[in-house]
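Contents: one structure, followed by commentary.
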Amino acid sequence: MAKTIATVIGVAFLLVGIVGFVAPGVGGFHLSFAHNLIHIVSGALALYFGLAGSLAAARTFDIVFGVVYGLLGVCGFLLGKPGTPGMPGMAADDRLFKVLPRTLELGTSDHLFHIVLGIIFVAAGLMTKAMVTDNDRDRA
């Protein structure tokens, strides 16, 4: 399960990162250049663990990545304030979290998405039994 989720969501991250360059405000998201790069790097990491990593590594990645994304979403809701993004083409938001003003700003849609992703990743990691194989021992 951990490898499958990492692979599927890794592909989705790459696609969102690419689409964000063309349509930065799609779906109410705040997809700046920096945000898109983060999605592309996240997608590449997820794909690596989903396709080339061991099951134990994919499980650990899913749990850690899920916690990080979940906390990012929660922080966004707690620290976000009503505001207008400093980036052109982005809509005003009631919970705008300016991580790096005019560079990386996250809104309500971003926060919700990050929390959902966090839950999915953590659940996939926890539902995967970390089996150790001979291949895994050889890599250690």
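The values are calculated or read from the model by the stated rules, or taken from the named source; none is laboratory data. Remember, predicted model here, so these are calculated numbers, not experimental data. Virtual Cβ from ideal backbone geometry, glycine too; neighbours counted across all protein chains shown.
Just a yes or no: is a residue in the stretch 15-38 surrounded by fewer than 20 Cβ atoms within 10 Å (Cβ to Cβ), of a type in the set (Val, Ile, Thr) and in contact (Cβ under 8 Å) with a residue 24 or more places away in the chain? Spell out how you get there, then give the answer.
Looking only at the stretch 15-38, we keep the residues that are surrounded by fewer than 20 Cβ atoms within 10 Å (Cβ to Cβ), and these are 15, 18-19, 21-28, 33-34, 36-38.
Now restrict to residues that are of a type in the set (Val, Ile, Thr): 18-19, 22, 26, 38.
Of the ones still in play, those that are also in contact (Cβ under 8 Å) with a residue 24 or more places away in the chain are 38.
Taking every residue of the stretch 15-38 in turn, at least one turns out to be surrounded by fewer than 20 Cβ atoms within 10 Å (Cβ to Cβ), of a type in the set (Val, Ile, Thr) and in contact (Cβ under 8 Å) with a residue 24 or more places away in the chain.
Give the residue, chosen from Phe61, Phe33, that is out of contact with any helix residue (DSSP H, G or I) (no Cβ under 6 Å at 6 or more places or on another chain) and either more than 17 Å from Thr108 (Cβ to Cβ) or at pLDDT 95 or above (or both).
Numbers: Phe61 fails: out of contact with any helix residue (DSSP H, G or I) (no Cβ under 6 Å at 6 or more places or on another chain).
Just a single option satisfies the conditions, and that option is Phe33.
In the stretch 1-14, which residue that is crowded, with 21+ Cβ neighbours inside 10 Å and among the β-branched types (Val, Ile, Thr) is farthest from Met87 (Cα to Cα)?
Per the criteria, the residue is Ile5.
Keeping to the stretch 90-108, report how many residues are closer than 18 Å to Leu37 by Cα and either among the charged types (D, E, K, R) or touching a residue at least 60 places away in the same chain (Cβ under 8 Å) (or both).
Adding up the residues that qualify gives 9.
Of everything in the stretch 58-81, what is loosely packed, with under 14 Cβ neighbours inside 10 Å and either part of a strand (DSSP E or B) or charged (D, E, K, R) (or both)? Give them in sequence order.
Passing the criteria: only Lys81.
Please specify each residue of the stretch 82-126 satisfying the condition of being touching a helix residue (DSSP H, G or I) at 6+ places or on another chain (Cβ under 8 Å) and either among the hydroxyl-bearing types (Ser, Thr, Tyr) or in a loop (DSSP other than H, G, I, E, B) (or both).
Ala91, Thr103, Gly107, Thr108, Ser109
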